[in-house]
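Since the structure comes first, as structure tokens, the remarks are kept for the end.
What follows draws every value from the coordinates through simple rules; no lab data is involved. Keep in mind that this is a model prediction, so the values were computed, not measured. Glycine also receives a Cβ, built like all others from the backbone with ideal geometry; neighbour counts cover every protein chain displayed.
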Amino acid sequence: MGRLVHFEIHVDDMARAKKFYGEVFGWTFEDWSDYAGMPYFGAVTGSDGELGINGALMQRQSAPPEVNQAINGYACTMGVEDYDSTEAKIISNGGKVAMAKYALPGMAWQGYYHDTEGNIFGIHQPDENAK
């Protein structure tokens with residue numbers, strides 16, 4: 001099976017992107033630029049025993065996505081414990097709402113945001129009472 005094992009987020013401003021994802025989600029970063037031959041920082045998104053994968057921030061190699069452009073890749077969704085406080089962190093750190101919070105009835109709260117680099121990502125808070 002082809003299980004997803006890594007992700008890459010393309011960024012224009014590495015310092016700004018590291019600050020955004022570090023502040024909002026608590027990610028830490030390891031400099032793997034020597035291996036990649038360009039600015040490339042491994043993103044540690046949680047402990048080894050926690051469900052999920054690690055990824056990286058890599059220097060964007062072409063034009064960023066346009067506002068309201070359809071996603072032409074994958075949208076990563078991060079699991080969160082408190083949707084509303086995470087949304088507040090996203091906004092206060094320069095992110096913008098792409099699709100407002102909505103209920104996945106009986107399962108979770110979901111929504112999508114633009115990061116500081118123009119990329120779209122989601123957040124997901126499990127909640128059996130979501131309506």
### Query
If you take the residues of the stretch 84-131 that are among the hydrophobic types (A, V, I, L, M, F, W, C) and assigned to a loop (DSSP other than H, G, I, E, B), which of them is surrounded by the most Cβ atoms within 10 Å (Cβ to Cβ)?
130
### Task
Please identify the pairs in which a residue from the stretch 29-56 that is touching a residue at least 40 places away in the same chain (Cβ under 8 Å) and closer than 23 Å to residue 3 by Cα has its Cβ atom under 8 Å from the Cβ atom of a residue that is of a type in the set (A, V, I, L, M, F, W, C) and surrounded by fewer than 12 Cβ atoms within 10 Å (Cβ to Cβ), counting only partners at least 6 apart or on another chain.
53/4; 53/5
### Query
Which of the residues that make up the stretch 82-119 are free of Cβ contacts under 8 Å to residues at least 60 places away in the same chain and closer than 16 Å to residue 23 by Cβ?
82, 85, 87, 88, 91, 92, 96, 113, 114
### Task
Considering (1) hydrophobic (A, V, I, L, M, F, W, C); (2) assigned to a loop (DSSP other than H, G, I, E, B); (3) under 21 Å from residue 19 (Cβ atoms), say which one residue 56 fails and leave the rest.
(2)
### Every residue from the stretch 1-39 that is under 23 Å from residue 65 (Cα atoms), in a strand (DSSP E or B) and not β-branched (Val, Ile, Thr)
7, 8, 10
### Query
Just for the stretch 17-43: of the residues that are under 21 Å from residue 79 (Cα atoms) and of a type in the set (Gly, Ala, Ser), which one is surrounded by the most Cβ atoms within 10 Å (Cβ to Cβ)?
17
